[in-house]
Amino acid sequence: MSIPSQYESNKVENKWYDYWMENNYFRSIPDKRTPYTIVIPPPNVTGILHMGHMLNNTIQDVLIRRARLQGFNACWVPGTDHASIATEAKVVAKLKSEGIDKNELSREQFLKHAWDWTEEYGGVILEQLKKLGCSCDWERTKFTMDDDMSEAVIKVFVDLFNKGQIYRGFRMVNWDPVAKTTLSDEEVIHIERTDPLYYVKYKIEGETDFVTIATTRPETILGDTAVCINPNDKRFSHLKGKNVIIPICDRVVPIIFDDYVDMEFGTGCLKVTPAHDINDKEIGDRHQLEVIDILNDDGTLNSFGLHHEGKDREIAREDVASELDQLGILVKTEDITHKVGTSERTHAVIEPRLSDQWFLNMTDLVKPAIKSVLIDHDIKLFPKKFENTYRHWMENIRDWNISRQLLWGQQIPAYFYGDAKDDFVVSETIENALELAKSKTGNQQLTLNDLKQDADVLDTWFSSWLWPMSVFDGIRNPENEEFNYYYPTNDLVTGPDILFFWVARMIIAGYEFKNERPFNNVYLTGLVRDKQRRKMSKSLGNSPDALKLINDFGADGVRVGLLLSSAAGNDLLFDEALCQQGKSFANKVWNAFRLIKGWEVSDIDQPEYSEVSVRWFQNKFQQTLETIEDHFSKYRISDALMETYKLIWNDFCSWLLEMVKPAYGHPIDRKTYTSVIQLLEDNLKILHPFMPFLTEEIWQRLEDRTPEEALIVASWPKVESVDAEIISEFDFASEVVSGLRTLRKQKNISFKDQIELVVLNNEKRSTTFDVVISKLGNISNLVYAEEKVDGALTFRVGSNEYFVPMHGAINVEEEIKKLTEELNYTEGFLKSVQKKLSNERFVSGAPEQVVASEKKKEADALAKIEMLKASLESLN
């Protein structure tokens, strides 16, 4: 079979992915092997592959492929998340484009549209992951709205409600007026912005005097039900028992006194709007104030807005301010910088709103999750620095608002049979709910028609927090074989941005429903940024097309490019040049393979240089393997790749193959060839997790293989003892070879011309690699001497001196002139550096790395001067 001159990724990738799929290498079922399990962080069903997915899933695939090679029963469960808010928004937009109003559809009609949309567009991202080489068990693909997954969610809700941990409360919640749903505190992003602060006069009832309040939201004045003052503020003690008149609406409200008010902030008088501020609500509760909600669910003003009814809150804000100005009671405005809560999903400014919602009490649930990560370290976070973030979130946790005012999602299993606040029951089925309602009310005449299910759905995270258990049916059927075989899972790879949203909640769920951790280790990747350190986004136009990258550089090239720049927990500064580097590496490995397969093999004696070269690389491989294993144990995936990269590019391709390569037109001995093939195969094994397509292609081309002999199911090399001495000897010998090559280049001595080499072995170095030095340096005669050689070119490695007698190979006078000029220049350079280092102000004031750089320049110059003087001395 002819070998193409270039690695053709576009021809190779589909071929081998299809082969892997046909032979069920990704499939995992319980057996006697130890399982190694990863569950994919389920991407939104609406999503398409972006750079964050590429990084995250490349890392997961590296871990799962390595585990498969190590002999584990590797199981990587894929799937998607129904993403309530995002998916419903897309479906609503699609309906709108077709002239259909969501509000005119029944629940069943809307859900049909949502399912149709999901079936048409959902799962695209999973197909794209295949292009990246992800070796998931696709037969296990789950969707958080699958029937069994939804049943698990409902079962958990009922269980927690029956334990008294889920409750219904009329609370101030975060309302997204664009998505028209509540959000949990964690879904609110606080951004800093500048807004006008309006100073407004409120007339004191029955008097000509006023009090002045300050607000950034004048439209909410229409919902004010009091003005509050600190009881210790002597400026206003005369106002006790009095009322004020709210502007525009002329509502008479009391002046109340409460310690909450900061006497130093604003005017000292606080307008109280219990329906639109959490702190105002608490004041209102203490003073039994009326609650007036002035907003509709879309952020427009309702009838309490009077003549501003129907206006968007932003427009009403300006119009109310203008009206206050016209009334002569707008004292002044000034800019204020403050934090404003916005929706993570729609970016709309969040509206505090009072609403009946469902909450999960987190006080006791969170305790095992804190203990597991922060005290017992049963679950380890990589990098460890994220423990502080985890601690902050978990120790300041609030009850979780788990209800959403949407249609797409698991409908809350609460059934109402009356109008009173507590006229409901909670059950997994409506049939059982009816029996519970009859029992609760004593009314045996109730029918299914008398029950009305809560219209809200559960927060998407309330389904995905069960993911590691529910994908194995561990909630509905906790005794099933698969769940007890694969759970707890091994590693979780995800982004730090969902450490609380998802990771912490999965840990909480694991201990609550299984009394066990859901995974052993959490590897937190960084965010993918561009070269200017900006987060990649569509709006900035700096996020490359993931599939185009794969097409241009090959999947392996993209995988390597991503990982080479991605240390755990640190942001990745993405540059397409990194993918080009990955592609170049693939071609380097391919060309090494072509070189080896191009050798003629003969049954001749093995040269000494080949024997020592092979022995060196075998030990170098073992030393590197040991380092790689250490990196993997610490989840330094990029470092593991870099060690592999250097071993193959530098040690294997640049050194070993040159060391054993037969002379032009001559064959290689069979023993060396067999060893080189074995070493290449070992290289392919450790490279396979990073570059699966390239390595499988070369592996299959090395010899005919059965499906059982495919690289994907080969055996990971075992760490064996290392002869550190031979590695050290080679490192020294390689410097000698580099010195000879530099000398030839500087003196224009052709590499085809043989030279002699005389060694002054001051370090008593071993002669093991002399045969290699002779081969790579094209040395005709290598001898050891006790004294320096006159009239020879020289260089040093450590304390050893190496002499190359010239025998007319160079013009001595020209060489002396050249060396003298170089010596004079270097001595002048040394003086300038030493002058700088003798300046105390420079040494004490310059950055440490700058001073270190100057000291290195000094040391290098001194060494060069010594070498130049030695060369001149020998020539003279």
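The values are calculated or read from the model by the stated rules, or taken from the named source; none is laboratory data. Here the structure is a predicted model, which means the values were calculated and not measured. Reconstructed Cβ throughout: ideal geometry from the backbone, glycine too, with neighbour counts over all protein chains shown. Protein only, heavy atoms only, side chains kept; ligands, DNA and RNA dropped before computing areas. Shrake-Rupley method; radii C 1.70, N 1.55, O 1.52, S 1.80 Å.
Would you tally the net charge around Val425, using a Cβ to Cβ cut-off of less than 13 Å, leaving Val425 out, and scoring K and R as +1, D and E as -1?
Numbers: positive: Arg168, Lys438, Lys440, Lys452; negative: Asp422, Asp423, Glu428, Glu431, Glu435, Asp450, Asp454.
So the environment of Val425 carries a net charge of -3.
Just tell me which lysines come within less than 22 Å, Cα to Cα, of Lys620; anything on the same chain fewer than 8 places away is out.
Lys588, Lys634, Lys646, Lys661, Lys671, Lys685, Lys718, Lys775
Which of rounded, prolate, oblate describes region 134-191, given a ≥ b ≥ c as roots of the alpha-carbon gyration tensor eigenvalues and a/c under 1.5 marking rounded, otherwise prolate only if a/b is larger than b/c? Display every interim value, and only then the final one.
On the way: a/c = 2.83, a/b = 1.36, b/c = 2.08.
Note, shape of region 134-191 comes out oblate.
Across region 451-460, in residue order, what do the Karplus-derived ³J(HN,Hα) couplings come to in whole Hz, using 6.51 cos²θ - 1.76 cosθ + 1.60 with θ = phi - 60° and x for Gly and Pro?
Karplus values, whole Hz, x for Gly and Pro: 9, 10, 6, 3, 6, 6, 10, 8, 3, 3.
Quick one: compute the contact order of region 152-274, relative version, from alpha carbon pairs under 8 angstrom and 6+ residues apart, as a percent.
Values: 179 pairs, mean separation 27.2, N = 123.
Reported relative contact order: 22 percent.
Can you tally the lysine pairs in region 298-384 where the Cα-Cα distance is under 26 Å and the two residues are eight or more apart, or on different chains?
Numbers: Lys311/Lys332; Lys311/Lys339; Lys367/Lys380; Lys367/Lys384; Lys371/Lys380; Lys371/Lys384.
Value for region 298-384: 6.
Rounded to the nearest 10 degrees, what's the angle between the helix 430-441 long axis and the longest principal axis of the chain, both from Cα atoms, 0 to 90?
With both axes taken from Cα atoms, the answer is about 40 degrees.
Please give me the summed charge of the neighbours of Thr194: other residues whose Cβ is under 12 Å from its Cβ, Lys and Arg +1, Asp and Glu -1.
On the way: positive: Arg193, Lys339; negative: Glu192, Asp195, Glu334, Asp335.
For residues surrounding Thr194, the net value is -2.
What is the helix-to-structure angle for 670-687, meaning the angle in degrees between its Cα long axis and the longest Cα principal axis of the chain, kept from 0 to 90 and rounded to the nearest 10?
The angle comes out near 20 degrees.
Over what distance in Å are the Cα centres of region 488-526 and region 726-747 separated?
51 Å
For region 606-749, calculate the relative contact order in percent as a whole number, restricting contacts to Cα pairs under 8 Å that are 6 or more residues apart.
Working: 91 pairs, mean separation 42.5, N = 144.
Relative CO of region 606-749 lands at 30 percent.
What are the lysines whose alpha-carbon lies under 25 Å from the alpha-carbon of Lys112, with same-chain residues fewer than 8 places away excluded?
Cα-Cα hits under 25 Å: Lys90, Lys94, Lys96, Lys102, Lys142, Lys155, Lys180, Lys452.
Taking +1 at the Cβ of each Lys and Arg and -1 at the Cβ of each Asp and Glu, which of Thr494, Gly266, Val12 sits farthest along the dipole of the chain towards its positive end, judged by Cα position relative to the Cα centre?
Val12
Measuring with a 1.4 Å probe in the full set of protein chains, what accessible area per residue, in whole Å², belongs to region 630-764?
Spelled out: the 1.4 Å probe surface of region 630-764, per residue, equals 44 Å².
What longest region of the chain stays clear of GluC sites (Glu not before Pro) that DSSP places outside H, G, I, E and B and that have at most 13 other Cβ atoms within 10 Å?
On the way: sites that count: Glu8, Glu98, Glu205, Glu207, Glu264, Glu290, Glu479, Glu516, Glu600, Glu703, Glu720, Glu763, Glu786, Glu787.
Between the exposed loop sites, the longest stretch runs 291-478.
What lysines could a cross-link reach from Lys281, if we take a straight Cα to Cα line under 17 Å and drop same-chain neighbours fewer than 8 places away?
Lys271
Dipole size in debye (nearest 20) for the chain around its Cα centre, Lys and Arg Cβ +1, Asp and Glu Cβ -1? Walk me through the intermediate numbers first.
On the way: 103 positive and 139 negative charges, 329 e Å.
The calculation lands at about 1580 debye.
By how many degrees, 0 to 90 and rounded to 10, does the Cα axis of helix 812-837 deviate from the longest principal axis of the chain?
The two axes meet at around 30 degrees.
State the antiparallel share, in %, of DSSP beta bridges confined to the chain, rounding to the nearest 5. Don't skip to the answer; put the middle values down first.
Working: 64 of 92 bridges.
Looking only at bridges with both residues in the chain, the antiparallel portion is about 70 percent.
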